[in-house]
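Participant: Following this message is one structure expressed as structure tokens.
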Amino acid sequence: MTLAPPEQGRPPAPEPVPAPDIGTVAHGLRATARITARAGAGGVTGLPVLAGEGPLALRRVRSYGTQATVCVVGAMSAPLGGDRLRIEATAEAGADLRVTAAAATVALPGRTPGHATYDVQLTVGDGARLEWLPEPLISAAGSDLRMTTTVHLAPTARLVLREEQVLGRSGERPGRLCSRLTVRRAGRTLLDQETAYGPGAPGWDTGAVLGGHRAIGQLLVVDPAFEAEPAQVRVLGTEPGEGEGVRTPLAGPAALTTAVAPDALRIRRLLDAGGQDARLE
């Protein structure tokens, strides 16, 4: 009788490898867009740097005269929780730059815990002009966004800057929104303000702050011509339901229009009225 050979030992089965957790994201999106405007032959402004990234796509659009116009196009949903977005725009000496947006920016909650940031850095050289005119920022329910806008102006620079914020989409509560605007002219602070709205921000929804309104905005115009003839104080919003606003002169020289209104359409009307006779020619 022939004995069967002893059974060879089998190697132990490998430990199961856990499937990656696709619902966990180590961090949010990082993206920076850069714009540089430079005065060229005949005073026509060129764009030697026009570099978008991630959700911040940049498009040169038709402009008139010597001005260059750039439109910021949202290439994907952003900012979400954990995202870090940044735009840097520079108008060099003698340049004339206008920056707009194709649509509103909507801050949304994301899979990554923590707040999102959206930083804007603007630099305007001597004799240059920058018009920064984005569409509104909408703070959707559940979102948490920290936004900063920092502007550096040369002594003879000119600026038009508009900010509009809408707290919540139609029929929903807003997310948390913290915003800071800092403007320095010739190295000296012209304007430095910080606001906070939404859950955790004390008193934001009271009569002393928004009084039931859900849209806020401001229009800042800086022009050396105001040194000789400062802007006049103007009260805005005299009809019921229109919202309220005021234009005041700043030392610097500048004029600031601030307003609150029920919605984005009416906040734009108030800001346009405040800047009607204070816009740069």
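The values are calculated or read from the model by the stated rules, or taken from the named source; none is laboratory data. The structure displayed is predicted, hence computed values, not measured ones. Cβ sites come from the backbone with ideal geometry, for glycine too, and all protein chains shown count toward neighbours. We work out accessible area using only protein heavy atoms, side chains counted, and drop any ligands, DNA or RNA first. Shrake-Rupley method; radii C 1.70, N 1.55, O 1.52, S 1.80 Å.
Participant: Could you check the range 163-200 and list, in sequence order, the residues that are under 25 Å from G274 (Cα atoms) and touching a Phe, Trp or Tyr at 6+ places or on another chain (Cβ under 7 Å)?
Facilitator: Scanning the range 163-200 gives L167, L177, A196, Y197.
Participant: Now for a separate question. Pull out all pairs, ordered by first then second residue, where Cβ-Cβ is under 6 Å, the residues are six or more apart or on different chains, the first lies in the range 128-151 and is more than 21 Å from L219 (Cβ to Cβ) and in contact (Cβ under 8 Å) with a residue 60 or more places away in the chain, and the second is outside any strand (DSSP E or B) and open to solvent by 20 Å² or more (accessible area, probe 1.4 Å).
Facilitator: S143/L108; S143/P109; D144/H115
Participant: Please find, within the range 94-122, the residue that is surrounded by the most Cβ atoms within 10 Å (Cβ to Cβ) out of those that are more than 15 Å from the chain's Cα centre (by Cα) and assigned to a strand (DSSP E or B).
Facilitator: Selected residue: L97.
Participant: Would a scan of the range 158-178 turn up a residue that is open to solvent by less than 10 Å² (accessible area, probe 1.4 Å), of a type in the set (G, A, S) and under 19 Å from E53 (Cα atoms)?
Facilitator: no
Participant: Can I ask one more? Say we look at the range 156-174 and pick out the residues that are in a loop (DSSP other than H, G, I, E, B) and touching a strand residue (DSSP E or B) at 6+ places or on another chain (Cβ under 7 Å); which of these is nearest to R98 (Cα to Cα)?
Facilitator: A157
Residue-wise test of (1) assigned to a loop (DSSP other than H, G, I, E, B); (2) among the acidic types (D, E); (3) modelled with pLDDT of 95 or more.
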| site | (1), (2), (3) |
| --- | --- |
| L3 | yes, no, no |
| P6 | yes, no, no |
| R10 | yes, no, no |
| E15 | yes, yes, no |
| P18 | yes, no, no |
| T24 | yes, no, no |
| A33 | no, no, yes |
| T36 | no, no, yes |
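Participant: Let me ask you something else. Just wondering, is there one or more residues in the range 244-257 that are in contact with a Gly (Cβ under 9 Å, 6 or more places away or on another chain), without any contact (Cβ under 8 Å) to a residue 40 or more places away in the chain and farther than 29 Å from G168 by Cβ?
Facilitator: yes
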